[in-house]
Amino acid sequence: MSKAENKVASYAIVGFGNIGKALAKAFARNGIEVSVATTRAPESFASAAAAIGPEIIPTTLAEAVKADVIFLAVRFESHPDVAKALPTWQGKTIVDVTNAYGVPPEKLGGLPSSRFVAQAFTGGRLVKGFNHLVAAVFDKDPAVYGGRRVVFLASDDDGAAAEIGALAENLGFSPIQLGGLSEGGLLVQARGNSWGQLIFKDLVKFG
């Protein structure tokens, strides 16, 4: 195995609202270090990060985007601001946790929201996921009655989908792959004023 293959991936969460904090708790529960960043100075949310656990590292946006895997846990409208943090996202995997509910389809050029987001992150590999549950549910331990809470993943890059699927398992979830962003991925994307059919479905997988 080469040094590159042996390298442990680094993780960051951009956005530290309710969903960002729920994601951070999942990392902390499993002893996996993750950077967290917002558009604010890290000092402004350092105490909230420390309250979750020592694995949660508050940092700047410029530092956070150096990670291999970046969770995009901001408002949908803010994703272009995050994308501007790097000239190219080559070699990065972006996990799109945004929801474009209420955004008119014509504003997205008729594209599914995740494909629209992917356009902003030039060169990156985008996976839609971790977005279908409300924060209060997502915040809980995914071990439920001897099963594991399901997270849905969709991507046009099979390698990226597999990578995030393995991470989801390490975080205690049971990943279900939905296929491409414009195929099964539509089930977890809002369109205009309607939600995808799998959004808010809290499922547990046994066995």
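The values are calculated or read from the model by the stated rules, or taken from the named source; none is laboratory data. Not measured: the values here are computed from a predicted model. Positions of Cβ are generated from backbone atoms using ideal geometry, with glycine treated the same way; all protein chains shown enter the neighbour counts.
Residue-by-condition table, conditions (1) among the aromatic types (F, W, Y); (2) closer than 16 Å to T98 by Cα; (3) within 16 Å of the chain's Cα centre (by Cα); (4) modelled with pLDDT of 95 or more:
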position: H132; (1), (2), (3), (4): no, yes, yes, yes
position: G147; (1), (2), (3), (4): no, no, no, yes
position: A162; (1), (2), (3), (4): no, no, yes, yes
position: G165; (1), (2), (3), (4): no, no, yes, yes
position: P175; (1), (2), (3), (4): no, no, yes, yes
position: L178; (1), (2), (3), (4): no, no, yes, yes
position: L181; (1), (2), (3), (4): no, yes, yes, yes
position: D202; (1), (2), (3), (4): no, no, no, yes
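Among residues belonging to the range 157-171 that are surrounded by 15 or more Cβ atoms within 10 Å (Cβ to Cβ) and touching a residue at least 40 places away in the same chain (Cβ under 8 Å), point out the one that is farthest from P112 (Cα to Cα).
Among them, the one singled out is L171.
Among the residues that make up the range 17-26, is at least one of them among the basic types (K, R), closer than 30 Å to G196 by Cα and free of Cβ contacts under 8 Å to residues at least 60 places away in the same chain?
The answer is no; no qualifying residue exists.
Just the residues that are hydrophobic (A, V, I, L, M, F, W, C) and exposed (fewer than 14 other Cβ atoms within 10 Å of the Cβ), please, taken from the range 31-67.
So in the range 31-67, the residues hydrophobic (A, V, I, L, M, F, W, C) come out as 32, 34, 36-37, 41, 45-46, 48-52, 56-57, 61-62, 64-65, 67.
Passing the criteria: A41, A50, A51, A62.
Going residue by residue through the range 79-88, is there one that turns out to be acidic (D, E), assigned to a helix (DSSP H, G or I) and out of contact with any helix residue (DSSP H, G or I) (no Cβ under 8 Å at 6 or more places or on another chain)?
Yes.
Quick one: would you say V69 is aliphatic (A, V, I, L, M) and touching a Ser or Thr at 6+ places or on another chain (Cβ under 7 Å)?
Spelling it out, V69 is indeed aliphatic (A, V, I, L, M) and touching a Ser or Thr at 6+ places or on another chain (Cβ under 7 Å).
Inside the range 95-203, counting only helices (runs of 4 or more DSSP H) that do not spill past its ends, which hold 2 or more residues that are out of contact with any Ser or Thr (no Cβ under 7 Å at 6 or more places or on another chain) and over 20 Å from E77 (Cβ atoms)?
Values: elements: 113-120, 135-138, 158-170.
Ranges flagged: 135-138, 158-170.
If you go through the range 1-57, how many residues are of a type in the set (K, R) and modelled with pLDDT of 95 or more? Before you say what the answer is, go through the steps one by one.
At the first step, the residues of the range 1-57 found to be of a type in the set (K, R) are 3, 7, 21, 25, 29, 40.
Filter once more, keeping what is modelled with pLDDT of 95 or more: 21, 25, 29.
The total comes to 3.
So is F152 touching a helix residue (DSSP H, G or I) at 6+ places or on another chain (Cβ under 8 Å), in contact (Cβ under 8 Å) with a residue 60 or more places away in the chain and among the aromatic types (F, W, Y) or not?
Numbers: touching a helix residue (DSSP H, G or I) at 6+ places or on another chain (Cβ under 8 Å): yes; in contact (Cβ under 8 Å) with a residue 60 or more places away in the chain: no; among the aromatic types (F, W, Y): yes.
Here the answer is no, as F152 does not meet what is asked.
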